[in-house]
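Participant: Take this structure, written in structure tokens, and hold onto it; I'll ask about it next.
We did not get these values from a lab; they are worked out from the coordinates using the rules stated. Being a predicted model, the structure only gives us computed values, none of them experimental. Here Cβ is always computed from backbone atoms with ideal geometry, including for glycine, and neighbour counts include all displayed protein chains.
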Amino acid sequence: MQFELVHDANVCLAETPIWDRRNNCLYWTDMFEGEIFEYHPASGAERKWSTGKRIGSAVPSEDPGVLFAALEDGMYRLDKESGVLSLIVCPEPGNEKNCYNDTRIDSEGRIYTSSLAKSYTTPHYTPEETGAFYQIERDGTVKKLLDGVNQLNCMVWNLDNTKMWVADTYNKRLLEWDYDSARGAGGCRTALDFNGKQGTPDGMSVDTEGNLYICHWSGTISVWDKNLRWKADIPFPVEQVCACGFGGGDMRDFYVTTARYGYTREQLADRRGAGGIFMARSPIAGLPNHFLR
């Protein structure tokens, strides 16, 4: 795939590109500024909502007037017209040391989210400061799936909905859960180890043939078949490759968000588009994301 810069957003860390077929737009987030964007590629028009909080993810809802937002202090519904936030649930009530990170919705409307220490992006962080990984049912019931989490990112499902894959960013691994649509996640194991290879994994997507695309903070997107056999490493124009998602009328527009985290002005001069959104045409259509119910 040949990637081109399609939106020079110039933010510190752009995340979670999710396509909404209903109005042909891409939702994405500015993590540190807590902003949600609705971007229309055809016209270049963009709409923005400011939450005032660090944001893990934003996902459309089955109600077109509502967005789901995983913010630093809980899971919320955001009314697009008024901008009002309504709390759904906070998995760790009273824990002011942690915040919520990348979050997704499964085919049954469950929320999967993880927490991490607020100090994670600072020089003061130590590995003993951890969060957890949660499954949240539609009635608000919270189940802890994994403790001792440093940083997890992105949840995707295989073609037959029997596996859930999650990027263990801190430990440079891919975790795999057994999954059942009626019960949710089951047992967990390490499926891939990227140490000494592609490096730090972040966002992921799955295409209609079951291939898994993994963004790495090494200027690489690795591609794996439905059985997690390596297929290719796709070179990317900038190093900090954050998240990916398929979109467009035929779901073959492959959008990728990036970061310019920690770069100096001099370094940015050689990294055009870092902190923006890139796109390439994929030979294979992608699977759509699930929306909040």
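Participant: Please work out whether the range 123-218 counts as rounded, prolate or oblate from its C-alpha gyration tensor, where a ≥ b ≥ c are the square roots of the eigenvalues and a/c under 1.5 means rounded, while otherwise a/b larger than b/c means prolate and anything else oblate?
Facilitator: On the way: a/c = 2.17, a/b = 1.13, b/c = 1.93.
Here the range 123-218 falls in the oblate category.
Participant: Could you tell me the distance between the Cα centroids of the range 16-62 and the range 237-267, to the nearest Å?
Facilitator: Between the Cα centres of the range 16-62 and the range 237-267 lies a distance of 14 Å.
Participant: At a Förster distance of 30 Å, what's the computed FRET efficiency of S119 paired with A45, Cβ-Cβ distance as r, to 0.05? Write down the numbers at each step before the final one.
Facilitator: Values: r = 38 Å, r/R0 = 1.26.
With R0 = 30 Å, the Cβ-Cβ based efficiency is 0.20.
Participant: Can you tell me the dipole magnitude for the chain around its Cα centre, using point charges on the Cβ only (Lys, Arg +1; Asp, Glu -1), in Debye to the nearest 20? Please report the intermediate quantities before stating the final value.
Facilitator: Working: 31 positive and 41 negative charges, 49 e Å.
Dipole of the chain, to the nearest 20 debye: 240 debye.
Participant: In percent, how large is the relative contact order of the chain, given Cα pairs closer than 8 Å and 6 or more residues apart?
Facilitator: Numbers: 800 pairs, mean separation 54.3, N = 293.
This gives 19 percent for the chain.
Participant: May I pose another question? Over the Cα atoms of the chain, each weighted equally, I'd like the Debye log10 I(q)/I(0) at q = 0.07, 0.09, 0.16, 0.17 Å⁻¹, rounded to two decimals.
Facilitator: One equal scatterer on each Cα of the chain leads to -0.22, -0.38, -1.39, -1.63.
Participant: Quote the charge dipole size of the range 9-104 about the Cα centre in Debye, to the nearest 20; the model charges only the Cβ of Lys and Arg (+1) and of Asp and Glu (-1).
Facilitator: Working: 10 positive and 16 negative charges, 31 e Å.
Rounded to the nearest 20 debye, it is 140 debye.
Participant: Please list, in order along the range 61-66, the HN-Hα scalar couplings obtained from phi with the Karplus expression 6.51 cos²θ - 1.76 cosθ + 1.60 (θ = phi - 60°), rounded to whole Hz, x for Gly and Pro.
Facilitator: Result, rounded to whole Hz: 10, 4, 7, x, x, 10.
Participant: While we're looking at this one, here's another question. How far is it, in nm, from the label point at D178 to the one at D63 when both lie 7 Å from their Cα along the line to the Cβ?
Facilitator: Here the modelled spin labels are 3.7 nm apart.
Participant: Starting from the Cα-Cα distance between T264 and C90, subtract it from 0.36 nm times their residue separation and give me the gain in nm to one decimal. Write out the running numbers ahead of the final one.
Facilitator: Working: separation 174, 0.36 × 174 = 62.64 nm, distance 3.62 nm.
Between T264 and C90, full extension yields 59.0 nm more.
Participant: For the range 149-159, in order, what is each residue's ³J(HN,Hα) by Karplus, 6.51 cos²θ - 1.76 cosθ + 1.60 with θ = phi - 60°, in whole Hz (x at glycine and Pro)?
Facilitator: Computed from phi, the couplings for the range 149-159 are 8, 8, 7, 10, 9, 6, 10, 9, 10, 6, 4 Hz.
Participant: Taking θ = phi - 60°, what integer Hz values does the Karplus form 6.51 cos²θ - 1.76 cosθ + 1.60 yield along the range 2-11, in sequence order, with x for Gly and Pro?
Facilitator: Those phi angles translate into 10, 8, 10, 6, 10, 8, 7, 6, 6, 9 Hz.
Participant: While we're looking at this one, here's another question. How much length would be gained if the chain were fully extended between T126 and K97, taking 0.36 nm per residue of separation minus their Cα-Cα distance, in nm to one decimal? List each step's numbers first, then the result.
Facilitator: On the way: separation 29, 0.36 × 29 = 10.44 nm, distance 1.29 nm.
Residue separation times 0.36 nm, minus the Cα-Cα distance, leaves 9.2 nm.
Participant: Now, a different point. Considering the options L175, A269, S119, tell which one lies farthest towards the positive end of the dipole of the chain, charges being +1 on Lys and Arg and -1 on Asp and Glu at the Cβ, about the Cα centre.
Facilitator: Among L175, A269, S119, the one farthest towards the positive end of the dipole of the chain is L175.
Participant: Another question, if that's okay. Assuming 0.36 nm per residue, please report the length gained on full extension of the stretch S82 to L5 beyond their Cα-Cα distance.
Facilitator: Numbers: separation 77, 0.36 × 77 = 27.72 nm, distance 3.18 nm.
The span from S82 to L5 would gain 24.5 nm if fully extended.
Participant: When only Cα pairs under 8 Å and 6 or more residues apart are kept, what is the percent relative contact order across the range 175-282?
Facilitator: Details: 206 pairs, mean separation 17.4, N = 108.
Once normalised by length, the contact order is 16 percent.
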